[in-house]
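Below: one structure, written as structure tokens.
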Amino acid sequence: RRADCESGLGYSDVWLPEGLWIDWFGGYVYKGDVKFECYRKLEQMPIFLKAGGIVPMQQHTPQGNSLGNSDALEVVIAAGADGSFTMFEDDGQSEAYKSGDGAFTEFKFSWQESNAQFNICAASGNLSLIPDNREYKLIFKGFRKDCEFRIGDTALQSEYDEKSNSYTVYIGAVATAEGIIVTVCREGGLLHDNSDFLKRCFDIVIHSQATQAIKNKLYYDY
């Protein structure tokens, strides 16, 4: 990774295979089969999720150091395509996992242009290894503003972050042996259209080492 003195950003050479990709930090949608220089703030990295990608993680607990079999999970879901992920959990101590002893939780994402479903499937296997109930923090990346979320006919509250084009939805007390389905919908389409690109470009220009005259010209020319 290299640093650009004028913009104050770090950059790396990136190749994205064919398909759609979602920027982890910015929520922007990229078309694959392309090579480019990827500029990011120094505290960020060029991380991209394949459309439909699902990343389950343990929620952060302040001053907590335990790992595995958590009763609170954070799951990131990337817009744009169907996806699935099967999470395997063992006892974290023995070698019983070698014989298949563990719990399996499958996450499925079914994508349509204006309607999508995220399914936390009922866990299978040795359920004694995981909590009876789990809380979920779901982060939907690469979505447009004004999406609606619900479980059945019950509307869910969501928080939208324009800097990352992401929604955060909190769900409590999901029975691991039963699972749950979250629906997200929006007339006109769910996938972010990158329409705020000028705003982001201006942010880079404002924090760059360019003169005020150049900044003014770039701003007012657009």
For this session: Would you please list the contacts, defined by Cβ atoms under 7 Å and residues six or more apart or on different chains, that run from a residue in region 28-43 that is closer than 11 Å to residue 11 by Cβ and touching a residue at least 40 places away in the same chain (Cβ under 8 Å) to a residue that is surrounded by 10 or more Cβ atoms within 10 Å (Cβ to Cβ) and aromatic (Phe, Trp, Tyr)?
Result: 39/11
Exercise. Given (1) in a helix (DSSP H, G or I); (2) surrounded by 11 or more Cβ atoms within 10 Å (Cβ to Cβ); (3) modelled with pLDDT of 70 or more, where does residue 213 come up short, assuming only one miss?
Worked result: (2)
For this session: Return yes when residue 143 is more than 20 Å from residue 58 (Cβ to Cβ), open to solvent by less than 30 Å² (accessible area, probe 1.4 Å) and touching a Ser or Thr at 6+ places or on another chain (Cβ under 9 Å) and no when it is not.
Result: yes
Seminar exercise, completed: Per the filter on region 34-80, residues modelled with pLDDT under 95 and on the phi > 0 side of the Ramachandran plot are 63, 68, 69
Exercise. Is one or more of the residues making up region 111-134 in contact (Cβ under 8 Å) with a residue 40 or more places away in the chain and on the phi > 0 side of the Ramachandran plot?
Worked result: no
Exercise. So which residues in region 90-101 are at positive phi and at pLDDT 90 or above, if there are any at all?
Worked result: 100
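The values are calculated or read from the model by the stated rules, or taken from the named source; none is laboratory data. This one's a predicted model, so the numbers in the text were calculated from it and none came from an experiment. Backbone-built Cβ (ideal geometry, glycine too); neighbour counts: all protein chains shown. Each accessible area value is taken on the protein alone, full model and side chains, heavy atoms only, with ligands, DNA and RNA left out. Shrake-Rupley method; radii C 1.70, N 1.55, O 1.52, S 1.80 Å.
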